[in-house]
Amino acid sequence: MQYSFIVKRVFASFFLKFLGSLCGFLTIIITARLLGAEGRGEVALFVNILNLILAFTSTFSSSFSYIVGNLKYEINKVFNLTILLTLFFFIAILVFSFWNYKYFMFIILAFLFANIIYYIEGIGYGIDDFKLVNIIRNLPSILTFIFTFLLLSYKKDVLLAILSNFLGFFIVFLFVFPKFIKFLSFQIDFKLLKTIIKHGIFVALSTLMTFLLYRIDFFLIEKFYSKKELGIYSVAISIGEINSIIFSFVITAVLGKFFSNEGRKVLNQSIIIIWIFQIFGIILFLLFGKFFINFLFTKDFSSAYIPSLIILISTAIYSPSSLIAVYINVKLGKTYIPFIIALISLIFKFFLAIILIKQFSLIGASLSCLISYTLTFSIYAFIYFKFIKK
């Protein structure tokens with residue numbers, strides 16, 4: 001298999017992925033400009049609480065990829081479990097919930113529809129349905145942008161921005177779910193359910209740990225500073241993680257091919273492609289970053305420049321780690337390895353971030369990313385050269 005296959009698939013998904021990523025970024029710009037730093041902080045907090053929950057629950061989608069792609073189960077034996085697991089988590093969230101959070105009802109409603117479509121996305125990876133995966137991965141961001149633009153143009157209100165996030169998932173659910181309803185049955189294969197839980201629990205825990213690794217600095221900023229600083233740092237994170245768009249392009253293109261005999265070769269080529277694009281992005285931001293922030297977000301967000309640059313470098317270092325973790329999960333099935341690494345990195349970053357954030361505020365938060373991501377990459381690099389590249 002040549003590099004041309006990966007490049008071809010990346011560009012095949014480019015338009016929709018680019019549009020989804022662009023709309024996601026424009027949503028951040030709109031909320032920042034129209035709601036200000038404090039309002040942007042409120043919206044970012046909602047999105048990150050929702051994503052914190054989905055980081056655990058939705059990543060059981062990799063189990064659906066595993067049992068459909070590797071174990072070759074038919075969809076009609078699998079699909080009803082997407083509903084069962086979602087309802088189980090829905091009830092669990094109601095019991096162990098963020099009741100003191102004022103937008104809690106929007107959190108659980110958005111979760112309900114988002115989780116189901118992500119499980120369907122997992123099935124899409126398993127059958128290598130490139131079109132389905134692209135739609136589920138990108139359409140919510142596009143719809144959220146459209147609703148955010150329309151509703152905030154009518155009234156500048158945080159609640160309307162949050163409602164837009166819910167509507168993005170809800171409409172995609174209405175579009176995708178009817179296509180799979182023919183596979184719905186009321187029979188439960190407990191052996192299959194056990195396989196899903198056994199495979200998925202470490203994926204879910206490692207993804208949760210990884211998400212917290214990405215966002216523990218964000219939540220600590222919210223604890224130690226005001227919503228205004230939180231809003232500024234959310235913009236820094238959004239700019240700094242633009243690099244992750246390249247990762248998302250590549251993983252969407254190649255994940256279905258990890259199940260093939262050439263999966264290891266695809267992994268090697270993907271890492272090289274990701275780094276080429278990310279180095280180019282860092283150079284562009286060094287040249288035009290300050291102008292970029294002042295022009296798009298207003299000068300109120302100018303202090304986001306240095307944290308953004310540090311996070312850009314951090315994510316470039318970290319991206320191959322994410323790719324290797326996905327390969328270990330879905331191809332090798334050794335889901336405990338990414339979990340252990342994520343847990344070690346999270347504990348390290350948590351204590352480091354507390355020290356640096358108290359001393360250096362937003363810059364300290366971004367430095368905690370750089371140091372902890374470098375540690376994580378070092379561990380994955382050892383695993384890659386020791387066990388995978390051979």
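Before moving on, here are some points about what is shown:
- Residue match in region 255-274 (condition: modelled with pLDDT of 90 or more and part of a helix (DSSP H, G or I)): no
- Test result for I363, of a type outside the set (G, A, S) and in contact (Cβ under 8 Å) with a residue 24 or more places away in the chain: yes
- Scanning region 33-41 finds one or more residues that are of a type in the set (D, E, K, R), touching a Lys or Arg at 6+ places or on another chain (Cβ under 8 Å), in a helix (DSSP H, G or I) and surrounded by fewer than 19 Cβ atoms within 10 Å (Cβ to Cβ).
- Considering region 80-108, the residues that are among the aliphatic types (A, V, I, L, M) and in contact (Cβ under 8 Å) with a residue 60 or more places away in the chain include one that is surrounded by the fewest Cβ atoms within 10 Å (Cβ to Cβ), namely L84.
- Residue in region 54-69 that is more than 20 Å from V326 (Cβ to Cβ) and either at pLDDT 95 or above or in a helix (DSSP H, G or I) (or both) present: no
- Residues that are surrounded by 20 or more Cβ atoms within 10 Å (Cβ to Cβ) and of a type in the set (S, T, Y), drawn from region 298-357: S308, S314, T315, Y318, S319, S321, S322, Y327, T335, S345
- Scanning region 128-142 for residues that are aliphatic (A, V, I, L, M) and free of Cβ contacts under 8 Å to residues at least 60 places away in the same chain gives L132, I136.
- Residue within region 290-307 that is touching a residue at least 12 places away in the same chain (Cβ under 8 Å), in contact with a Cys (Cβ under 6 Å, 6 or more places away or on another chain) and not hydrophobic (A, V, I, L, M, F, W, C) present: no
- Residue within region 156-167 that is loosely packed, with under 14 Cβ neighbours inside 10 Å and not in a helix (DSSP H, G or I) present: no
The values are calculated or read from the model by the stated rules, or taken from the named source; none is laboratory data. Quantities reported herein were computed from a predicted structural model and do not represent experimental measurements. Here Cβ is always computed from backbone atoms with ideal geometry, including for glycine, and neighbour counts include all displayed protein chains.
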